[in-house]
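Read through the structure below, which is laid out as structure tokens, and then see the notes.
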DNA sequence: AATGAATGAGGGTTCATTCAT
DNA sequence: AATGAATGAACCCTCATTCAT
């Protein structure tokens, strides 16, 4: 039933965005009564927050899965593939994505977003650690991870929401470059 | 009078954030009646949008001013100084900054935000053009600008809102590196 | 307009009692919209409380007026007349009276009820002071007033709400006796 | 099981008052499920009513017990002792007492309250009958009983709920006097 | 008998917007 | 132009009661 509510919440957010996601709409979509929502969630924003959390989990899992087994490939290939996976995972209904980025930071104190960025950060950090050789030796790892995670996340989201006149392949190409060059040793 | 409304809107957003910025609060702060707001703006979000637009203008002006006359300095210096100016300009009341990034994209179809990014983009593009020599010759300029603008903007905002444990100097250092390395020619 | 709301509140409480006095019913009865209630009262219970307060004021005024100019009459006559006035003043729609006694103590921390009893207490105290001669000399005045006020109030209300098989004249007779005998000197 | 529900109801009313006495809270406290309440009571208020009825029974029993065997004592002594017993019996958690007096009259058509007052009335009537000698010969017995019962009940409750600055001994003294003087023969 | 998830009508309240003055 | 009282749709949430299991 929690599942049904989250599915409904996800669907309503995708169709109507955060403002249009009233509890009654979510309940109707889930085929239940408004009161039932409150058997499983303390208030509306907890539903939205949970939907975002699940979305984040799915996203990280998907990316991780798609990456597994390609770690032997050269850096540009694997990084680009990862970014492509992220781009695909975030390519959802714009109202939903907008709700995620506009309200995620506020809901449940940003729990869902922080968890997502935390997990992506771990992936990045793990990767960087294996690559230590080719990196600037003086790079502050924590800071670098912090920046890379937010950069790729934000650029991907903006690419999907603003639909700039940039071909997808070029976008991935450049984003890969941005990430890889950042930690390249000074010449 | 428009000015008075914008000042009030700015102040209210800074103190109460977007959710707390009711029309009556803005009117009271401006010393006028709620109804009068509608003589100058078609609806509430138009006020917020105009506040954001003015903020963006001020920001760009400030950064531009602070940059003028330093163009002869080496790239890392001038870039870093620009980013520092941006960081200072964005260092406002968190509720206001949050309102700007969470609601700016939606209000008036993102007009204020687009204008801001457009102008920052022009600065970046102008700079890159003068630097053409030291860049990857194959870099797609438009795309690069698009990415750089959004990257520095977002990282700066996140740095201010999330207050990660990264020293300001290091943050500026790394952000500068991220930007400069991106377009470095391949080795 | 406050007047209109109070009238409507009074009427709705009289017809439907406290439970049936929804804000929308009050607004409809007042011929205004639900939202307008909140321009004049912070929440529903403030309306009810104000209605009760006004009722208490009216009641005390009425009793006081009806008493004025009869102070030279013998004690039993004036006391009985006062009680009759109180009985008449409280003889309103039972749902209203019930709302007053069941919810008055809670609303606004019992403000309306306390004010009413306070003022009735002053009347009683004033009367007793003039009668000092015929009273038990050891009677604790404050305590006596406290008891008399609540006794006549409660018995009157109960008489009206429970409609016991006691003729009105007899009720007044006995209530008068109860009050007067209480402070009679010991034989 | 009925017993368990009544115990739970009593406890919940004592802790949370009428408004806080939700069926689920009562069920939880009783260690059963909400649905099971309806196997033994037709609706929530029937539970509250039954709790009040039981409380009234206990109260009357207690007072009666404490009185038995003191009937030979002089009137002021026995009356005062009875009132003291009543005061003690009513000295329970304020939320419970409040619930009893504010909602008792309404629940189950006032059944619990009427039963209580009926039984107290019988005690009073029995006492008065034995005292017939010292009373006003013209006193309408039913009316006198009706008034005395409600007077002592209400004043006692108000004394406990409002906590006026009246010492307990004085309160009992005066209440005793109020009751005894009422039926004293005219001088 | 017992469960407890599901119900759903109804509640109080907010606030952007309007419009008679 | 300026007012600000009035609007009213829409919101989130509660909880006594039901009923399939």
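Annotations
- Using alpha-carbon coordinates, inclination of helix A:44-67 to the longest axis of chain A, degrees: 30 degrees
- As computed over the range C:17-121, the Cα convex hull volume per residue (Å³): 107 Å³
- Each helix, a run of at least 4 DSSP H residues, gives -39500 (n - 2.57); summed and divided by the residues of the protein assembly as shown, these come to -24500 deg cm²/dmol at 222 nm.
- Label-to-label distance, residue D:72 versus residue D:15, with points set 7 angstrom from Cα along the beta-carbon direction: 4.8 nm.
- Nearest 10 degrees, 0 to 90: helix A:111-131 Cα axis against chain A principal axis: 20 degrees
- Per-copy distances of the residue A:93 label point, shortest first, in nm (7 angstrom along Cα→Cβ): 3.5, 4.8, 4.8
- Distances, shortest first, from the label point of residue B:138 to those at the same position in the other copies read 3.0, 11.3, 12.1 nm; the point lies 7 Å along Cα to C-beta.
- Peptide-level mean, for D:137-147, of C-beta atoms on other protein chains within 10 Å: 4
- Put in line by how crowded their Cβ is, counting other Cβ atoms within 10 Å and starting with the fewest, B:160, A:83 read B:160, A:83.
- Computed over chain A, relative contact order equals 25 percent, with contacts defined as Cα pairs under 8 Å that lie 6+ residues apart.
- Taken over the C-alpha atoms, the range C:80-134 has Rg and Dmax values of 14.0, 42 angstrom.
- Sorted shortest first, the separations between the residue D:28 label point and its copies elsewhere in the assembly read 3.2, 3.5, 3.7 nm; each point sits 7 Å from Cα along the Cα-to-Cβ line.
- To the nearest ten degrees, helix A:2-20 and the longest principal axis of the Cα atoms of chain A are 80 degrees apart.
- Gyration tensor over alpha-carbon atoms, the range C:40-97, equivalent ellipsoid semi-axes in Å: 30, 12, 6
- Principal axes of chain D: Cα extent on each, largest first, Å: 63, 33, 29
- With respect to the axis relating copies D and A by rotation, the chain D residue whose beta carbon is closest, plus that distance in Å, is D:35, 3.
- The range B:21-51-the range A:140-187 distance, computed between alpha-carbon centres (Å): 39 Å
- Across peptide A:174-186, the mean count of Cβ atoms from other chains lying within 10 Å of each residue's own Cβ comes to 5.
- Volume per residue that the Cα convex hull of the protein assembly as shown spans, once the total is divided by residue count, Å³: 231 Å³
- P(r) weight above 18 Å for the range D:119-187, C-alpha pairs, percent: 42 percent
Since every read-out is calculated from the coordinates, none of them should be taken as a lab result. Note that the structure is predicted; figures quoted are calculated from it, not measured. Please note: Cβ atoms are built from the backbone with ideal geometry, for glycine as well, and neighbour counts cover all protein chains shown.
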